[in-house]
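I have placed the structure first, in the form of structure tokens, so that the comments after it can refer back to it.
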Amino acid sequence: MPVMAIEPKLSHTAAMILQAINAGQVYGFSVMEMTGLPSGTVYPAMRRLERDGLIVSKWEQQAIADAEQRPLRKYYKLTRAGHGALEAVHKRYPLLEKLIPSAEVKRV
Amino acid sequence: MTIRRLVHSLPVSHAILWTAAVLVPRARRAEWLAEWRAELWHVWNCVRDESATATREHGDAEVTAFCLGAFHDAIWMRRNEGRSTMRRRFQIGSPWRCGATLITLALASMLLCCWLPGAHKAMLPLPRHAADGVVMISSEGYDAGRTPTIRLEDYESWRTSARHLFTGIAFYQPIHRQVRIARHRTAELSLARATSNLFDVLRLPLSAEPHAATMRPHMARVILSRQAWRRYFNSNPQVAGRTLVLAGQQAQIAGVAPEGAWQLPDGIDAWILEDQKTLDALPASARGFVLAQIKASGFPAGGTGQRSMTVSRENGEADRYDCVSLAQHMEHPFFLFLFTLFLACLALPATTPLPLGEYSVRGSQLSLLLTIRRWLFLAAKISLILPVVYFSSLDLAYGRLPLDSTTAQYIQMAASFAGLLFGLRWALKDQRRRCPVCLRLLTNPARVGHASRNFLAWNGTELICGVGHGMLHIPEIPTSWCSTQRWFYLDSSWSSLFSDTYLAPAGTS
């Protein structure tokens, strides 16, 4: 009996956030700007994605924040499972990639 | 500054974030707040940069809307992360779960005690008269205190002859009568025919007293017990002044006795305060109870508190009467409980060993704080067992039986003693089966060795802490080299074998 991979069922909102992060919008506020979703939707959705292992959060280096004279920010990036989920999402929502074009992830 | 500007200001936005942060589990709060504050900085600056193209009010409202979204995030954090923390905290065997169970039991038994009228009455403190030197005069001491023993003629003679002993003396005689409490409504009440000074001697304040103008001077007065007032008169505050028909004789309600006031024999529902003329009409041999307020100078001070008086008869003989203090007469359930606690403490060493085992002293592993916490946990368990047993024994004993019932007192003593003995035994046994570091119950018992090789190798049972703090060795047969259970700490090299599902307690290395 063939073993089938279990793909997580993502909502459209989660798919948009995943796509936005993949497009290089690695901060919560930038994801909000890209997707047009309110903060009360974006942040809990990102917590769920992180809990499910699709994205991972990290604090940026102190030196970067010091150089730009701003507080330290937390950034998010896709995990391997997140990339796999995003591929499945593209099949389910074909227009998503056109709505938020993928880009090279910025190095933070 | 307008109110709108003030509402949308940066300090208010920070205040919103601080408020939302309260909802976030403490362990994640600082990180959560740092992320939101950093994002707020960017939102604020972004809005300021765009203020040239958009209206300022609109931008300020955006900042506030962004901050209000923090509540959604905080609630999500609380529901998910908080719940998992709580779930871990209340896992089977955790000290939190043990404490919560005991608190629930204590509250449940206490609420049941408040709900059951008899048990609730037993909870109340003794009425004031019990401590004020009121005695019951009895010809057969304490044992005869539940049956009327004093003849009316004796009471009448003591009123004058015993003035040097008592400041006041009262008589009452229990009777049972059909009472018509309202039109077409009768009830079988336990009545007592009493002298008019009974409540003055007892020094009990009456409630719902009628206005003097409404009382008819030639009619007998009736004092209702609190229980009868509730049961037959639906706690009507206007009951005073109403007329009852007691066995064909009319009487007027003159007041309601205070809660738990009447803890004297026979569980009286109402007292008819008769005038002297009516009492004189009673047969001289009618027997009843006599209560008296003792004079400080009437009896010698000190001693064991037992008082008696001797009355000389005309034929030269003397009768001895005991003056039993009401405080002594009415054994309050709490004193019975204390007595059984004393008995249980005496019996405890016969049922279980008192030592909690041997714990090697390693400062790095078991800090002073953890040692104190361990003892505090044991003390908390014992202090929660006490109310559980006390209230449960009251529920069991006085739920259906009256307070002065000897059977109820025996039931309370038996239940209280058994409950305390098993409760204290459980507390010690439970403590011995817990990790001294994280206070969780030890798991995975394993038999080690054979009893037949007792002289060659150790044998017994081993239990292990689920977090990996150590192992407990319990010998099968106490020997000179291993007489009691021993705790062995596991060093950090063992940590890879244990899951991190438990929270590491503070103070551990």
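The values are calculated or read from the model by the stated rules, or taken from the named source; none is laboratory data. From a predicted model like this one, the values you see are computed outputs, not experimental measurements. Because the Cβ atoms are built from the backbone with ideal geometry, glycine has one as well, and the counts that use them run over all protein chains shown.
Applying the selection to the stretch B:461-486, what residues are crowded, with 21+ Cβ neighbours inside 10 Å and not aliphatic (A, V, I, L, M)?
Answer for the stretch B:461-486, where residues must be crowded, with 21+ Cβ neighbours inside 10 Å and not aliphatic (A, V, I, L, M): B:Cys465, B:Gly468, B:His469, B:Gly470, B:Gln485.
Please give the number of the condition A:Lys98 fails out of (1) more than 14 Å from chain B (Cβ to nearest Cβ); (2) basic (Lys, Arg); (3) within 13 Å of the chain's Cα centre (by Cα).
(3)
Looking at the structure I just gave you, is B:Leu420 of a type in the set (A, V, I, L, M), out of contact with any Gly (no Cβ under 9 Å at 6 or more places or on another chain) and in contact (Cβ under 8 Å) with a residue 40 or more places away in the chain?
Spelling it out, B:Leu420 is indeed of a type in the set (A, V, I, L, M), out of contact with any Gly (no Cβ under 9 Å at 6 or more places or on another chain) and in contact (Cβ under 8 Å) with a residue 40 or more places away in the chain.
Scanning the stretch A:57-95 for residues that are assigned to a strand (DSSP E or B) and within 14 Å of another protein chain (Cβ to nearest Cβ), which turns out surrounded by the fewest Cβ atoms within 10 Å (Cβ to Cβ)?
Here the answer is A:Lys58.
I need the full set of residues from the stretch A:24-46 which are in a loop (DSSP other than H, G, I, E, B) and more than 10 Å from every other protein chain (Cβ to nearest Cβ), in order please. Full working, then the answer.
At the first step, the residues of the stretch A:24-46 found to be in a loop (DSSP other than H, G, I, E, B) are A:24-27, A:36-38.
Selection gives A:Gly24, A:Gln25, A:Val26, A:Gly36.
Which residues, taken from the stretch B:37-52, are closer than 23 Å to A:Lys58 by Cα and either more than 10 Å from chain A (Cβ to nearest Cβ) or within 47 Å of the chain's Cα centre (by Cα) (or both)?
Result: B:Trp44, single match.
Looking at the stretch A:69-81 only, could you name the residues that are within 21 Å of B:Glu39 (Cβ to Cβ) and either free of Cβ contacts under 8 Å to residues at least 24 places away in the same chain or within 12 Å of the chain's Cα centre (by Cα) (or both)?
Selection gives A:Gln69, A:Arg70, A:Pro71, A:Leu72, A:Tyr75, A:Tyr76, A:Lys77, A:Leu78.
I'd like to know if the stretch B:401-413 contains one or more residues that are of a type in the set (A, V, I, L, M, F, W, C), at pLDDT 90 or above and assigned to a helix (DSSP H, G or I).
Looking through the stretch B:401-413, at least one residue is of a type in the set (A, V, I, L, M, F, W, C), at pLDDT 90 or above and assigned to a helix (DSSP H, G or I).
Would it be correct to say that A:Asp66 is without any contact (Cβ under 8 Å) to a residue 60 or more places away in the chain and more than 24 Å from B:Arg79 (Cα to Cα)?
In short, yes.
Has the stretch B:426-444 got at least one residue that is farther than 26 Å from B:Arg97 by Cβ and either in a loop (DSSP other than H, G, I, E, B) or not polar (S, T, N, Q) (or both)?
no
Need the failing condition index for A:Leu49 against (1) within 11 Å of chain B (Cβ to nearest Cβ); (2) modelled with pLDDT of 90 or more, just the number.
Failed condition: (1).
Among B:Ala70, B:Ala122, B:Ala34, B:Ala106, which is in contact with a Pro (Cβ under 9 Å, 6 or more places away or on another chain), at pLDDT 75 or above and facing chain A (nearest Cβ under 9 Å)?
Just a single option satisfies the conditions, and that option is B:Ala34.
Of all residues in the stretch B:416-436 being aliphatic (A, V, I, L, M) and either within 12 Å of B:Phe377 (Cα to Cα) or more than 37 Å from the chain's Cα centre (by Cα) (or both), which is surrounded by the most Cβ atoms within 10 Å (Cβ to Cβ)?
Taking the candidates together, the pick is B:Ala427.
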